[in-house]
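These notes concern the structure reproduced below.
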Amino acid sequence: MTQTPHSPAITLSGGVAMPLVGFGTWQLRGRRGYEAVRFALETGYRHIDTATMYGNEGEVGRALTDSGIDRGDVFITTKLPSGAAGRERATIDASLRALGTDHVDLWLVHWPPGGRARPEVWQELLAAAGRGLARAVGVSNYSVRQIDELIGATGQAPAVNQIPWSPPRYDPRVLAASRERNVVVEGYSPLKGTNLRDRTLAEIASRHGVTPAQVVLRWHVEHGIPVIPKSAHPERIAANFDLFSFALTPEEVARIDGLSRR
Ligand SMILES: NC(=O)c1ccc[n+]([C@@H]2O[C@H](COP(=O)([O-])OP(=O)(O)OC[C@H]3O[C@@H](n4cnc5c(N)ncnc54)[C@H](OP(=O)(O)O)[C@@H]3O)[C@@H](O)[C@H]2O)c1
């Protein structure tokens, strides 16, 4: 792991640094979406997660331009809708236009198209990376078996698999299998997937003087798992990034891992 001024980062295969804490933007559209992304950037987030399907790439692009922050200092992820399989080039061109940039940092296949791995779609993402349109490429919502299919067909593993991840969904076998293949597991729905009133989380949170949500997000960081919490509210956007003034002990991490076995 390397350190950036804003959040620790993980290095993806290919050498691209991805900040471990990013801002999720699903359901943040229009003025509200623009303002949330502006506020997240002001707070210090340097990693924004969007997707063609979210209908907010324009707002993300405008927020970034208006923030005055250098494009090169912000890690942007967008995603190919599974329904756009076969129209990869036109889709990334439209994403780049909306985002106001000539490349994204990470482009993902949003879901396995039709529930299948579809290596020919993956090949198109690799081609886009080859043309410099994406610094890294990966997938989302793929199983390890489907990732093996992509590797078998192209010899190249996705840099990232973005999947639901939270204490109740902690799965050390998926993590180990992904790491063996050099695939970084990125977690989504960290808070939605968790009972924030859980007694173990409440106890650990009060020991550190933070909230259970911050404990959950810090637990991702302790595992080296990139995490992309979404909020429309400034105080939560700020709290969800305020994760670097405390750390969990190995014993606390193990207790939170154990929530998946309840
Ligand atoms: N690849 C995929 O298929 C996929 C699927 C789902 C999500 N994602 C990505 O992952 C991001 C995060 O996932 P998500 O949006 O599903 O869920 P999430 O970030 O786990 O949770 C968001 C929900 O939690 C609330 N919240 C935020 N901060 C909170 C806090 N500190 N305390 C209590 N509640 C809090 C938010 O409400 P308020 O907004 O009202 O604060 C919102 O209702 C998405 O935005 C998207 O970028 C990807």
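Taken as a whole, the condition of being touching a residue at least 40 places away in the same chain (Cβ under 8 Å) and crowded, with 22+ Cβ neighbours inside 10 Å does not apply to LEU248. Has region 29-46 got at least one residue that is near the ligand (Cβ under 10 Å from one of its atoms) and not basic (Lys, Arg)? Taking every residue of region 29-46 in turn, at least one turns out to be near the ligand (Cβ under 10 Å from one of its atoms) and not basic (Lys, Arg). Restricting attention to region 166-190 and to residues that are within 20 Å of ALA247 (Cβ to Cβ) and within 13 Å of the ligand (Cβ to nearest atom), the residue that is nearest to the chain's Cα centre (by Cα) turns out to be GLY187. Would you check which residues across region 132-189 are in a helix (DSSP H, G or I), of a type outside the set (Gly, Ala, Ser), closer than 24 Å to GLU88 by Cα and in contact with a helix residue (DSSP H, G or I) (Cβ under 7 Å, 6 or more places away or on another chain) and list them? VAL144, GLU149, LEU150, THR154, listed by residue number.
Which residues, counting only those in region 13-62, are assigned to a helix (DSSP H, G or I), in contact (Cβ under 8 Å) with a residue 40 or more places away in the chain and of a type in the set (A, V, I, L, M)?
Across region 13-62, the qualifying residues are ALA36, ALA40, MET53.
Residues are listed down the side, and each one gets a yes or a no for (1) more than 12 Å from VAL253 (Cα to Cα); (2) open to solvent by 10 Å² or more (accessible area, probe 1.4 Å); (3) in a loop (DSSP other than H, G, I, E, B); (4) more than 8 Å from the ligand (Cβ to nearest atom):
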site: LYS192; (1), (2), (3), (4): yes, yes, yes, no
site: THR200; (1), (2), (3), (4): no, yes, no, yes
site: ALA213; (1), (2), (3), (4): yes, yes, no, no
site: ILE225; (1), (2), (3), (4): yes, no, yes, yes
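The values are calculated or read from the model by the stated rules, or taken from the named source; none is laboratory data. Every value quoted in this text rests on a predicted model; they were computed, and no experiment measured them. We place every Cβ from the backbone using ideal geometry, glycine too, and count neighbours over all the protein chains shown. Note: accessible area is taken over every heavy atom of the protein model, side chains too, but ligands, DNA and RNA are not part of it. Shrake-Rupley method; radii C 1.70, N 1.55, O 1.52, S 1.80 Å.
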